[in-house]
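Working notes, beginning with the structure itself.
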Amino acid sequence: MTFVKPMVMGVLNVTPDSFSDGGEYTSVQSALVHARLLVLGGANIIDVGGESTRPGATRVAPAVELARVVPVIEAIAAELASINRRDVLISIDTMNATTALAAVAAGASIINDVSGGLADEKMFDLVAATGAKVVISHWRGFSTEMDKNNQYDDIAREVALEIQQRVDAAMAAGISRNRIIVDPGLGFAKDMQQNWQLVARLDELEKLDLPILVGASRKRFIAGILETDLDGAEQISNDRRDLATAVLTALLLQRKIWGVRVHNVIATSDAIAVVEALRVAENQAKGQS
């Protein structure tokens, strides 16, 4: 079987309150330095976010989000052009159509909307007009309310069905199918067990026959299997979460995934390289038998 490397989307949160790295990259210079490290580590995409979607996070005004992300995207785009790395893409992680539009003008070519176009009714029309790709995630409400909306009879099938409905809405707005990527929305309106059930049954999402992005990095359901006590899980270090994320990434390469969204791109790139080497060796062994 031919090995297809997934895209590695590196997370760059320019927020003061994101759950694992809030406040670390709030200046343009610190964000640019981290973007450089993401590229050196193997990132194919830099995903810039200016509004935290951690559980319980309150929303920020679009003007605040714009002020956070646009200068950073402009700086990264200029840097990538100067070093001739146009193969590295920039993504904007936003639920606001106005922010998405400004981000595309600044240099982003992917709009990563965790609400799947539900938070802003103008989003899909705007995406259609820009020509950007769009990531449509499964979503059932904002961070302050999503934990109340995790009732499922069959989580994998229901998530796939609800994403299909958003894909239909996107296409009705004029977004071509080849510009759509889907995301199961791990951590959004799903408890720890439900997240693992969804990860185990990504085949339901594969039936949509669209590129799949998986964003499990450092999330609560990862920490929850490293420490079953809830208070203890909150204290699990990023290093341990990153290692567990890299292991999960390696296992997910058995699936047909387009990309993984991660904080630690080095650990993820290493995991992908190990899987690739094993696949190559297996194919060589088959040829010799």
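Just so you know, all these numbers are worked out from the coordinates, no wet-lab data involved. Treat the numbers as computed from the prediction; the structure is a model and nothing was measured. Note that each Cβ is placed from the backbone with ideal geometry, even for glycine, and that neighbours are counted across all protein chains shown.
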| task | Using just the helices of the chain, give the 222 nm mean residue ellipticity in deg cm²/dmol: DSSP H runs with n ≥ 4 each add -39,500 (n - 2.57), and the total is spread over all residues, rounded to 500. | result | -14500 deg cm²/dmol
| Part-to-part distance (alpha-carbon centres) for segment 159-226 and segment 52-110, which is given in Å | 22 Å
| message | Apply the Karplus curve 6.51 cos²θ - 1.76 cosθ + 1.60, θ = phi - 60°, to the phi angles in segment 78-87 and return the couplings in whole Hz, x for Gly and Pro. | response | 5, 5, 4, 5, 5, 9, 6, 10, 6, 6
| query | Looking only at Val69, Val275, Val135, which one moves most when the chain is put into a Gaussian network model with springs between Cα atoms under 10 Å? | reply | Val275
| query | Within segment 8-99, which trypsin sites (Lys or Arg not before Pro) sit in a loop by DSSP and count at most 15 neighbouring Cβ atoms inside 10 Å? | reply | Arg85, Arg86
| field | Radius 13 Å from Cβ of Arg85, net charge of other residues (Lys, Arg +1; Asp, Glu -1) | value | 0
| request: Rank Gly50, Gly117, Gly141 by mean-square fluctuation in a GNM of the chain with C-alpha springs under 10 angstrom and give only the top-ranked residue. | output: Gly141
| What's the local net charge at Thr94, with K and R +1, D and E -1, over the other residues with C-beta under 13 Å away? | -3
| said: Using Cα springs under 10 Å in a Gaussian network model of the chain, which residue among Val72, Val159, Val247 shows the largest mean-square fluctuation? | reply: Val247
